[in-house]
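Please read the structure below before turning to the comments.
Just so you know, all these numbers are worked out from the coordinates, no wet-lab data involved. In this text the structure is predicted, and so the values were computed from the model without any measurement. Neighbour counts run over all protein chains shown; Cβ positions are idealised from the backbone, glycine included.
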Amino acid sequence: MSNPPNDLIPDDDFYAAFNPKFEALQELSNIGVGHAATALSQLLNRKVDMSIPRVNIVPIEQASTILASHEEEITVGVFVRTMEESGSQLNLLMIMDTESTHTLLGILRRNEDTTNLLDLDEISKSILKETGNILLLHTITAINSFTESHWFPNSPDIVIDMIGSMTDEVLLNDHEDNEGEIKVLLVECDVFTDDGKKVKGNILLLPNKVAMDTLMNRLYGENWQETM
Amino acid sequence: MALYTAKIGEIVVGKKGDQLQALALGSCIGLVVYDPKLKVAALAHILLPEKSKFSKPGPPGKYGTEATGESIKNVISRGGLRDNLVAKLAGGAKMFESLTSGTNMDIGSRNIASVTKSLGEHGIKILARDVGDNQGRTIIFDVDSCLLKIKQANGTIFKTI
């Protein structure tokens, strides 16, 4: 996917108000996705290159059309919910399009027709779910060690459906109490295997308000708001 | 003759010959309030059950508590009669099981409850609904026939209500 058009990128005021949080999340994403790519390389037993993750904060209404060409595009979504103490929640969602899914299954499971995502058999779905789980757990492990946190993951969920139908539910859950407009963090990363095939993974990091405060406190100290 | 699409939080209005649609509803609700006799309809794409204390005013169809009232206003302003109004709705799915392993009810169910309650308060009868479950839906409302077509991810219309 190309970069979103300019009108989708939050305006300067938004960055000005949000900057430290944005930077923190960007750094977390870089670390997390880097670990995920390493895990994928081991899983596929191939050399894997990754692009620098592109990080965007977008209004929830536009999330699905930034991730895919249109709301009704069929994608694979793997979701992991992680929790820490006292209502602090960090959710992760990985989205893969048809082409990437096809590439991944072609490597891990040969001779399988994967042209239609809706017709995948249980074994293929299970492979996708576990691959997603591995990538997301590596992401969360990296975030845990970087921020000295203890986000504890639940078991993963896989959904294969229209992108628009999965984003709103995941993005909204426990984010209703965020002030004002609901914005989410999108991390986009292209991964290339050594035979030139491309796997594009979009990982969404979704800290709720409590989690965001916790992260900021751990990264910048308890009084971060006064010092910035 | 036109096809109008309600994006998240929007309400679109159509008259005889028009079609109204909302794409890829997950936990969102597509609510159609319409006058079957004069053929005027409004479709709202509802995102959340109600405003939280922090919420800024959103677009008219964003919250279940407000969308019904706004839809009624829209239909009447385009020539519908208050006494004729009825409703159909679809959506409110629960796509990810593990999201609601905690105490909170899932957003889809809360959306359904909020919209149903709000329709009751306005005295509008629900003629048909296709809600819940764990699949995405694209809905298309034909103002002429007052039928609501519901499409699955694979593009087939699996239900007409």
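Residues B:F158, B:F141 in ascending order of nearby Cβ atoms (within 10 Å, fewest first): B:F158, B:F141.
For B:D144 and A:K198, what does the FRET efficiency come to when R0 = 35 Å and r is the distance between their Cβ atoms, rounded to the nearest 0.05? For R0 = 35 Å, the calculated efficiency reads 0.15.
Shown in residue order for the stretch A:198-203 are the 3J(HN,Hα) couplings computed by the Karplus curve 6.51 cos²θ - 1.76 cosθ + 1.60 at θ = phi - 60°: 10, 10, 9, x, 9, 10 Hz (x for Gly and Pro). Of A:K200/B:K149; B:K39/B:K159; A:K209/B:K7; B:K117/B:K159, which pairs sit farther than 31 Å apart, going by alpha carbon to alpha carbon? Listed pairs above 31 Å: A:K200/B:K149.
Taking Lys and Arg as +1 and Asp and Glu as -1, the other residues whose beta-carbon sits under 9 Å from that of A:G77 total -2. Dipole orientation for the stretch B:3-160: of the candidates B:G120, B:A153, B:V33, B:V33 has the Cα lying most toward the positive pole (charges on Cβ; Lys, Arg +1; Asp, Glu -1). Once both labels are positioned 7 Å from their Cα atoms along Cα-to-Cβ, the gap between A:L108 and B:L38 label points is 5.7 nm. For the stretch B:3-160, the Cα gyration tensor yields ellipsoid semi-axes of 24, 18, 13 Å (square root of five times each eigenvalue, largest first, whole Å).
A full extension of the chain between B:K125 and B:T160 corresponds to an added length of 10.8 nm, given 0.36 nm per residue minus the alpha carbon distance.
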